[in-house]
Amino acid sequence: MRLTVILPLAAVAMATSVAAQPGYEISRRNMVANIEQLAAAGALSGATRLDRRVLDVMREVPRHQFVPEAIRHRAYDDTALPIGHQSTISQPFMVATMTHLLRVKPGEKVLEVGAGSGYQAAILSRLGAEVSTIEIVPELARDAERRLRELGYRNITVRAGDGYKGMPDRAPFDAIMVTAGATHVPKPLVAQLKPGGRMLIPLGANDDNQRLTLVTKDADGKVAVRRLGRVVFIPLDERARPRS
């Protein structure tokens with residue numbers, strides 16, 4: 001995924017290599033089993049048990065369809081994989097953890113910043129959300145839109161553009177997921193968050209101190225910030241942007 005995360009945490013080794021097993025369905029089951037082991041060890045958020053709905057969806061969505069054909073044999077490894085344009089599809093454990101923390105409910109409007117190959121948007125869609133996803137690389141946005149359409153997703157809008165600015169014409173959103181490292185919480189995204197909404201974003205001055213951060217907005221518009229586990233994300237493009 002474009003603007004994505006590579007989690008620098010020790011993974012729980014799978015008993016067998018998913019690449020050597022026949023059939024993608026078995027590989028997906030093993031991928032989810034590995035995710036559950038990592039969560040049980042408290043690898044990132046302290047949540048030792050992930051939402052069962054998230055795990056069920058990740059057993060169903062064909063991750064191999066979202067990676068280049070040349071590396072499809074690695075599609076269910078617990079690692080980020082290159083998808084071109086100096087971008088990656090996110091590590092499955094990070095996809096599961098961020099989706100769990102976002103607490104998406106059916107019918108909610110969700111904004112994803114960093115569409116990449118479209119995999120994270122597909123996961124959110126299968127949870128029943130109305131998904132808007134924005135990607136700064138036009139070629140990736142075009143490919144993600146085509147791929148999602150061919151796979152039958154009808155509740156996802158893909159747009160090429162600057163994710164820092166969000167999608168004001170489709171706001172407000174119940175939840176926002178930013179898959180890019182930022183030095184501060186973008187005010188345009190906070191403004192597009194509904195009262196009672198939540199946003200996940202990695203914050204830090206550099207790769208060495210990025211922390212996954214949960215931002216919430218209460219009914220009165222007051223914003224609260226909670227720092228979670230350490231992560232490493234590709235930077236959000238913040239050139240020439242003021243903090244105000």
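Derivation of every value follows stated rules applied to the coordinates shown; laboratory data play no part. Since the structure is predicted, the reported quantities are computational estimates derived from the model, not experimental observations.
Across region 170-179, rounded Karplus estimates of 3J(HN,Hα) from the backbone phi angles (6.51 cos²θ - 1.76 cosθ + 1.60, θ = phi - 60°) give 10, 6, x, 10, 6, 8, 9, 10, 9, 9 Hz, Gly and Pro being marked x. For THR88, nonlocal amide neighbours, meaning residues 5 or more places apart or on other chains whose placed amide H falls under 5 Å from its own, are ARG2, LEU3, THR4, ILE83.
Given their separation in residues at 0.36 nm each and the Cα-Cα distance between them, ARG170 and ILE71 gain 32.1 nm when the chain is fully extended. Altogether, the Stokes-Einstein calculation at 37 °C and 0.692 mPa s, with the Kirkwood radius of region 157-199 over Cα pairs as Rh, returns a diffusion coefficient of 303 µm²/s. Equivalent ellipsoid of region 129-234: semi-axes from √(5λ) of the C-alpha gyration tensor, largest first, are 24, 18, 11 Å.
Across region 174-230, Cα-Cα pairs farther apart than 15 Å form 41% of the total. Pairwise inverse Cα distances across region 15-156, averaged and inverted, put the Kirkwood hydrodynamic radius at 15.3 Å.
Of the beta bridges in region 72-196, as assigned by DSSP with both residues counted there, near 15 percent are antiparallel.
Measure out, as a whole number of angstrom, how far apart the alpha-carbon centroids of region 189-223 and region 72-115 sit. Centre-to-centre (Cα) distance: 18 Å.
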